[in-house]
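The values are calculated or read from the model by the stated rules, or taken from the named source; none is laboratory data. The model shown is predicted, which means the values in this text are computed figures rather than measured ones. Positions of Cβ are backbone-derived with ideal geometry, glycine not excepted, and every protein chain shown enters the neighbour counts.
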Amino acid sequence: MQTSMKEILKKTKNNPVLMNFVAAIVVFFVIIFLCLQGLNLYTHHNKAIVIPDVKGLLMADASVFLENKGLRYTVIDSVYTKDVKSGSIVEIIPAIGSKVKKGRILFITINAHTVQMAAIPNIIDFSLRQGEAQIYAQGFRSVEIKYVPGPYRDLIIGVELQGKDLNPGELVPLSSALILNVGNGGRELELEEESDEIISESTETVE
């Protein structure tokens with residue numbers, strides 16, 4: 001067996017074509033191995049980090065914890081909730097429990113220290129579509145539409161909060177539930193006028 005192996009090696013050495021073929025195969029597998037190792041290092045293969053539950057933690061405390069995990073973060077927004085401690089985390093993206101690579105940037109929303117206020121834009125006599133766009137652009141999210149008697153359909157007549165009419169420029173909390181009073185096109189007024197005419201005619205006939 002040993003003799004046969006020596007003969008094979010001897011024949012291989014004496015055959016340049018076969019030697020080149022064997023060398024090419026060896027080089028090919030070495031290159032593949034090195035590429036896989038490099039890719040493994042680059043992507044941190046099998047080293048995923050689970051995003052921890054940091055909701056409710058103050059940003060100062062959570063930042064140290066996240067940095068020790070090899071994660072980066074940026075605060076992208078703030079909201080105000082009276083039931084949550086000021087400066088604490090209320091939302092994180094990607095979601096808690098997700099698996100990410102080391103160095104991934106997390107997007108965080110924190111609870112503001114004070115109630116966020118915004119001015120009511122001047123949208124009187126604006127169309128409903130235009131008025132809603134301006135209200136949402138200010139940051140308000142809770143908006144209800146209420147149709148009231150008015151000569152023009154979908155024309156904004158006023159903005160209301162808890163039964164009080166708001167003036168343009170007035171500051172109110174962004175969490176407020178606003179009501180847009182919008183004209184109904186005079187339909188109710190027309191019906192009332194028709195009803196008054198019918199009653200009047202009936203009265204004249206009886207007389």
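A quick yes/no check of all residues on (1) of a type in the set (S, T, N, Q); (2) at pLDDT below 65:
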site	(1), (2)
19	no, no
40	yes, yes
46	yes, yes
68	yes, no
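A quick yes/no check of all residues on (1) farther than 21 Å from residue 179 by Cα; (2) without any contact (Cβ under 8 Å) to a residue 12 or more places away in the chain; (3) under 21 Å from the mean Cα position of the chain (by Cα):
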{"position": "76", "(1), (2), (3)": "yes, no, yes"}
{"position": "84", "(1), (2), (3)": "yes, no, yes"}
{"position": "89", "(1), (2), (3)": "yes, no, yes"}
{"position": "94", "(1), (2), (3)": "yes, no, yes"}
{"position": "98", "(1), (2), (3)": "yes, no, yes"}
{"position": "109", "(1), (2), (3)": "yes, no, yes"}
{"position": "116", "(1), (2), (3)": "no, no, yes"}
{"position": "126", "(1), (2), (3)": "no, no, no"}
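One line per residue, one yes/no per condition, for (1) in the same structural domain as residue 75 (by TED's automatic domain parsing); (2) surrounded by fewer than 14 Cβ atoms within 10 Å (Cβ to Cβ); (3) aromatic (Phe, Trp, Tyr); (4) within 30 Å of residue 66 (Cα to Cα):
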{"site": "98", "(1), (2), (3), (4)": "yes, no, no, yes"}
{"site": "103", "(1), (2), (3), (4)": "yes, yes, no, yes"}
{"site": "106", "(1), (2), (3), (4)": "yes, no, no, yes"}
{"site": "122", "(1), (2), (3), (4)": "no, yes, no, no"}
{"site": "126", "(1), (2), (3), (4)": "no, no, yes, no"}
{"site": "131", "(1), (2), (3), (4)": "no, no, no, no"}
{"site": "137", "(1), (2), (3), (4)": "no, yes, no, no"}
When residue 78 is run through (1) assigned to a helix (DSSP H, G or I); (2) of a type in the set (Gly, Ala, Ser); (3) modelled with pLDDT under 85, the failure sits at (1)
Checked 144, 91 against criteria (surrounded by 15 or more Cβ atoms within 10 Å (Cβ to Cβ), part of a strand (DSSP E or B) and not small (Gly, Ala, Ser)); the one match is 91
The number of residues in the stretch 149-195 that are in a strand (DSSP E or B), over 29 Å from the mean Cα position of the chain (by Cα) and either surrounded by 13 or more Cβ atoms within 10 Å (Cβ to Cβ) or at pLDDT 95 or above (or both) is 11
